[in-house]
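To start, the structure itself, in structure tokens.
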Amino acid sequence: MDTSLPRQAAAAPTGSCAAGCPEALAQNLPSVVIERRVEWPDTDAAGHYHHSTVMRWVEAAEAVLLRRLGLSHLFGSTPRVHFEASYRARLWFGESVRTELEVVKVGTSSLHYAFTVRGEGEEPAAVGRMVIAHSAAHATGSTPWPDDVREVLTKAGRQAPELFA
């Protein structure tokens, strides 16, 4: 029987912040779930959702999350620097869609989101990630998150879902 530490713990470099360090334990990263419907303009010639619709749903979830966190002043200063999605199932016109958006990492000047889009079943229809950068007004590149923003982005936790009435 192998009694050594799990590979993840053993592979962590000395001085790194593994999942058990105080900084990691203090984080309560925010997330939100929103519900939308596949509208006619969201579909393509095959009759199911168009791939670009996922980005719109993810950005709608981001807008809900930032408003809930009192960070709507960030709109216009958070350009996207990376977006990727894997499409796994079709969603059809009229179908209810749930998008879960989670903050998974807060960097010095970046924010990493993970997302899952589901239709009326539990199987993911799309999964992916998006990275944004903070770029203060009139900056020529990225700028560090202000301390008050970083505090909210690392401690706000799961937000109430925005579901159909």
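The values are calculated or read from the model by the stated rules, or taken from the named source; none is laboratory data. As the structure is a computational prediction, the values presented were derived from the model and not from experiment. As a convention, Cβ positions derive from the backbone with ideal geometry for all residues, glycine included, and neighbour counts pool all protein chains shown. Heavy atoms of the whole protein, side chains included, go into the accessibility calculation; ligands, DNA and RNA do not. Shrake-Rupley method; radii C 1.70, N 1.55, O 1.52, S 1.80 Å.
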Number of positions in segment 29-53 that are surrounded by 11 or more Cβ atoms within 10 Å (Cβ to Cβ) and in a loop (DSSP other than H, G, I, E, B): 6
What's the number of the condition GLY70 fails, among (1) within 11 Å of the chain's Cα centre (by Cα); (2) outside any strand (DSSP E or B)? (1)
Looking at segment 149-163, is at least one residue closer than 23 Å to ASN28 by Cβ, of a type in the set (Asp, Glu) and touching a helix residue (DSSP H, G or I) at 6+ places or on another chain (Cβ under 6 Å)? yes
Any residue in segment 48-67 that's farther than 10 Å from VAL117 by Cβ and in contact (Cβ under 8 Å) with a residue 24 or more places away in the chain: show its pairings with residues that are outside any helix (DSSP H, G or I) and open to solvent by 10 Å² or more (accessible area, probe 1.4 Å) at Cβ separation under 7 Å, as long as the two are six or more apart or on different chains. HIS48/ARG90; HIS48/TRP92; HIS51/TYR87; MET55/PHE83; ALA60/ARG36; VAL64/GLU162; LEU65/GLN159
Can we say ARG56 is within 30 Å of LEU91 (Cα to Cα), among the basic types (Lys, Arg), part of a helix (DSSP H, G or I) and at pLDDT 85 or above? yes
Within segment 70-77, identify whether any single residue is hydrophobic (A, V, I, L, M, F, W, C), open to solvent by less than 20 Å² (accessible area, probe 1.4 Å) and closer than 25 Å to ALA160 by Cα, and answer yes or no. yes
Say whether the condition of being in contact with a strand residue (DSSP E or B) (Cβ under 6 Å, 6 or more places away or on another chain) and among the charged types (D, E, K, R) is met by at least one residue in segment 64-79. no
